[in-house]
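Participant: Take this structure first; my questions come after.
The values are calculated or read from the model by the stated rules, or taken from the named source; none is laboratory data. Everything numeric in this text was worked out from a predicted model, so none of it was measured. Cβ: placed from backbone, ideal geometry, glycine included. Neighbour counts: every protein chain shown. Accessible surface areas use protein heavy atoms only, side chains included; no ligands, DNA or RNA. Shrake-Rupley method; radii C 1.70, N 1.55, O 1.52, S 1.80 Å.
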Amino acid sequence: MDRLSSSSLLPETFSGARDDITYQFSILWGQIKAPLIVPLLNLLVFLCLAMSIMLFIERIYMAIVISLVKMFGRKPEKRYKWEALKDDLELGNSAYPMVLVQVPMYNEREVYQLSIGAACGLSWPSDRIIVQVLDDSTDPIIKNLVEMECQRWASKGINIKYEIRDNRNGYKAGALKEGLKHSYVKDCDFVAIFDADFQPEPDFLWRTIPYLVHNPQLALVQARWKFVNADECLMTRMQEMSLDYHFTVEQEVGSSTYAFFGFNGTAGVWRIAAIDEAGGWKDRTTVEDMDLAVRATLKGWKFLYLGNLKVKNELPSTFKAYRYQQHRWSCGPANLFRKMVSEILRNKKVSLWKKVHVIYSFFFVRKIVAHIVTFVFYCVVLPATVLVPEVQIPKWGAVYIPSIITILNAVGTPRSLHLMVFWILFENVMSLHRTKATFIGLLEAGRVNEWVVTEKLGDVLKLKSAVKAFRRPRFRIGDRVHLLELGAGAYLFFCACYDAAFGNNHYFIYLYIQAIAFFIMGFGYIGTFVPS
C-alpha cells in the first residue's frame, strides 16, 4: 500500500504543475485579450474586409469588360490596322522589316535544342532575320553543347549568332541589354523574345509583325502561353488555372481597354525604338519585363495582346522550382511599385485613367492586395476568430465575396472546374510565400533581388522517362520539408481542434482541410498527385 500510494504522487505532481501552468496562462490570456487582442483583431478584420471588397470590385469590373469584349467581338484586327505583308518586286526582301530573335538561356541542358530549333524554324525571309542565342551558362559542358547547336543551324544557312558574356550582371535583363548592343542589331526594327523553354509556331512573326508595321503607336505585341505539361500532375493543373485567368481575362482586359498590361517577359515582339525610348532594359528588380512595359507606357506607347496566338512552354513541375518562381513573380512587382509609384504620378504623357489603372488596379490590387488578403484573412485572421469569439466576421465577407471571386478566377479553365477545391487549398498555401515575397519587395529586404532560374525538364508529355531519370531519387530534408508550411498547418490544426471542442463558429471543417493542405505541401508531396 505504501509503495502504491507513493507511486501515485508523481503523476499528481505533474498534473498539479500542468493545471497550474494552464491556470496562469488562462489568467494572462484573459488580461490581454480584451484590451489588446480583440481591438487588434477587429482592426485586421476591417482591413481584410476592405481589401476583399477592393479585390471583388476589380474582379467584377474585369468580368464585365471581358463579357462585353466577347459579346461585341472586339478582335485585335478590328481595333488595329492589320494587313498581311506582301512581296514587292522592286524592293524584294528589303520590303520586309529586319527582325531580331533573342533566346536568353542559362544552363538549359534539357530545353536548349527545343528553343533554338523553334527560333530557327520561324518562317521569315532568311536575309531579314537574325537569331541571337544569349548564353549565360556557367557549366562548360552545357555551354559547349549550345554553341555546337548554334553551329549546326548556321551550317544550314540560318543567320544565327551565339553570344556569351564574361559575367551574369543583371541576369536576364543584362543579357538582353548586351544583346542589343551588337553592331548588327542597328539594322533591326523589331525584336522577338523567347525564353529557353518556349517553342513558337513557324508563322509567329507573320501574325505579329504586321500589327507593328501598320500601327506606329504600338510598342509590343504579346502572345498567350500554352502549357505542354499541364496534365503532368495536380500541381501543374493548379498553375494552369491561375495562369489561364491571367491570360484569358487580365491581359485581354488591359489590351481591350487601351489601358495597360504587363509584358510577360517572353513570347512577345517589341519595337526596338520603343525599348530605346523607354530607357532600355534595367536590372533594378527581378521583373525586368514589367519594368520596361511600365516605362514604355509612360512614354505614350501602346501594347496589343493576341489571345488567339499561343506559344508552347513548360510549367514548373517541382514544388521547389515553383516556389522560387512565385517568390520572383511576387517580390519583383511589389519592389517595382515601390520604385515607380512617384514616377507614375508625376508623368504628364499619359491620362489620369491610365495612371489610376496602373497604380491602383495593376499594381496595388492585383500584385499586393490579392496576395496579402488571401493569406492574412483566410489563413490567419479567420482562424484567430475561433480563439476570440468576441470578434465576428460577417457572412458576406467570409463566404459570399470569396466564393464569387473564386468562381470568376476559375472560369478561365473550364476543364478544371471539378478541381476547384484543390485549387483553393493550393492557392491559400502559396499565398504564404507570395505574401512574404510581397513584403520583402515593399521593404527591399533580404532576398529582394534573388534570381533563381526556374528548373526546366523539357516536353514532359513526350519525355516522361527522361524526366523520371533526371529527378534525383535521393531524399534530401532541405528540399522536401518546408517549415513555414508546417508551422502554418500546425496553427490551423490547433484552431480547428479548438473550434471543434469549444467554439461556435463552425469553421473547423475548413480549418482541418486547410491544415492538411499545408502539411501535404510542407512535406513537398503536391507534385506527386496526378488528377484524373
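Participant: Under 1.5 on a/c is rounded, so check that first for region 126-190, then, if it is not, pick prolate when a/b is larger than b/c and oblate when it is not; a ≥ b ≥ c are the square roots of the alpha carbon gyration tensor eigenvalues.
Facilitator: Values: a/c = 3.06, a/b = 1.12, b/c = 2.74.
It is oblate, given that a/c is not under 1.5 and a/b is not larger than b/c.
Participant: Quick check on my link table: of 86/302; 78/349; 186/339; 86/282; 70/354; 312/367, which ones sit more than 28 Å apart, alpha carbon to alpha carbon? Walk me through the numbers before you get to the answer.
Facilitator: Details: 86/302 25 Å; 78/349 26 Å; 186/339 31 Å; 86/282 36 Å; 70/354 23 Å; 312/367 25 Å.
Over 28 Å apart, Cα to Cα: 186/339; 86/282.
Participant: In straight Cα distance, which aspartates and glutamates are under 16 Å from residue 172, not counting same-chain residues fewer than 8 positions off?
Facilitator: The reachable aspartates and glutamates, counting only those whose Cα sits under 16 Å from residue 172, are 108, 135, 136, 163, 195, 197, 283, 288, 289, 291, 450, 455.
Participant: Still on this structure, I have one more. Once every DSSP H run of n ≥ 4 in the chain is given -39500 (n - 2.57) and the sum is divided by its residues, what mean residue ellipticity at 222 nm do you get, rounded to the nearest 500 deg cm²/dmol? Present the calculation step by step, with values, prior to reporting the outcome.
Facilitator: Details: 22 runs with 273 residues, N = 532.
Taking each H run of at least 4 residues, the total per residue is -16000 deg cm²/dmol.
Participant: Work out the charge dipole of region 18-171 with +1 on the Cβ of Lys and Arg and -1 on the Cβ of Asp and Glu about the Cα centre, then indicate which of 73, 36, 144 is farthest towards its positive end.
Facilitator: Farthest along the dipole direction, towards plus: 73.
Participant: Where nothing but the Cβ of Lys and Arg (+1) and of Asp and Glu (-1) is charged, how large is the charge dipole of region 357-443 around its Cα centre, in debye to the nearest 20? Don't skip to the end; give the middle numbers.
Facilitator: Numbers: 6 positive and 2 negative charges, 49 e Å.
Value, rounded to 20: 240 debye.
Participant: Report, ordered by chain and residue number, the aspartates and glutamates lying within cross-link reach of residue 33, taken as a straight Cα distance under 20 Å and ignoring same-chain residues fewer than 8 apart.
Facilitator: Reachable aspartates and glutamates: 20, 390, 499.
Participant: Could you report the chain's accessible area per residue, 1.4 Å probe, as an integer in Å²? If you can, show how the numbers build up before the last one.
Facilitator: Working: 24750 Å² over 532 residues.
With all protein chains present, the chain gives 47 Å² per residue.
Participant: Excluding ligands and nucleic acids, what accessible area in Å² is computed for residue 27 using a 1.4 Å probe, to the nearest 10?
Facilitator: Result for residue 27: roughly 70 Å² accessible.
Participant: In whole percent, what relative contact order does the chain give with Cα contacts below 8 Å and a gap of six or more residues? Let's see the in-between values first.
Facilitator: On the way: 767 pairs, mean separation 94.1, N = 532.
Computed over the chain, the figure is 18 percent.
Participant: Which value, in Å² rounded to 10, gives the accessible area of residue 82 with a 1.4 Å probe and all protein chains present?
Facilitator: Number for this one is 100 Å².
Participant: Provide, in order from the shortest bin, the percent of all Cα-Cα pairs of the chain in each 10 Å bin, continuing until the bin that contains the maximum pair distance.
Facilitator: Whole-percent P(r) values from 0 Å outward: 3, 16, 26, 24, 15, 8, 4, 2, 1, 0, 0, 0.
Participant: What are the ³J(HN,Hα) values, in whole Hz, obtained from phi via the Karplus relation 6.51 cos²θ - 1.76 cosθ + 1.60 with θ = phi - 60°, for each residue of region 420-425 in sequence order, with x given for Gly and Pro?
Facilitator: 3J(HN,Hα) across region 420-425, in whole Hz: 4, 4, 5, 5, 4, 5.
Participant: Another question, then. Only Cα pairs under 8 Å and at least 6 apart count here; give the relative contact order of region 209-277 as a rounded whole percent.
Facilitator: Working: 43 pairs, mean separation 29.5, N = 69.
With pairs under 8 Å counted, the relative contact order is 43 percent.
Participant: Express the relative contact order of region 30-160 as a whole percentage, based on alpha carbon pairs under 8 Å and six or more residues apart in sequence. Before the final figure, lay out the partial values.
Facilitator: Details: 89 pairs, mean separation 26.5, N = 131.
Relative contact order, region 30-160: 20 percent.
Participant: Continuing with the same structure: Would you work out which of 243, 506, 94 lies farthest towards the positive end of the dipole of the chain, given +1 charges on the beta-carbon of Lys and Arg and -1 on that of Asp and Glu, about the Cα centre?
Facilitator: Highest projection toward the positive end goes to 94.
Participant: Right, another one. Take 299, 156, 33, 339 and sort them by solvent-accessible surface of the protein heavy atoms, 1.4 Å probe, largest at the top. Kindly include the intermediate steps, with their values, before the conclusion.
Facilitator: Details: 299 85, 156 120, 33 40, 339 65 Å².
Sorted descending by solvent-accessible area, the residues read 156, 299, 339, 33.
Participant: Further, regarding this structure: Among 363, 424, 227, whose Cα lies farthest out toward the positive end of the dipole of the chain, if unit charges sit on the beta carbon of Lys, Arg (+1) and Asp, Glu (-1)?
Facilitator: 363
Participant: Nothing charged except the Cβ atoms of Lys and Arg (+1) and of Asp and Glu (-1): what's the magnitude of the dipole of the chain about its Cα centre? Round to the nearest 20 debye. Write down the numbers at each step before the final one.
Facilitator: Values: 61 positive and 50 negative charges, 153 e Å.
Its charge dipole is roughly 740 debye.
Participant: Please report, in debye to the nearest 20, how large the charge dipole of region 100-163 is about its Cα centre when each Lys and Arg carries +1 at its beta carbon and each Asp and Glu carries -1 there.
Facilitator: Details: 6 positive and 9 negative charges, 55 e Å.
I would put it at about 260 debye.
Participant: Classify region 22-66 from the C-alpha gyration tensor, please: rounded if a/c falls under 1.5, else prolate or oblate depending on whether a/b exceeds b/c. Please list the in-between numbers first.
Facilitator: Details: a/c = 10.77, a/b = 4.51, b/c = 2.39.
Prolate, because a/c is 1.5 or more and a/b exceeds b/c.
Participant: Let me ask something else about it. For residue 346 and residue 87, FRET efficiency with R0 = 56 Å and r from the beta-carbon atoms, rounded to 0.05? Don't jump to the answer; show the numbers that get you there.
Facilitator: Working: r = 47 Å, r/R0 = 0.84.
Plugging the Cβ-Cβ distance into 1/(1 + (r/R0)^6) gives 0.75.
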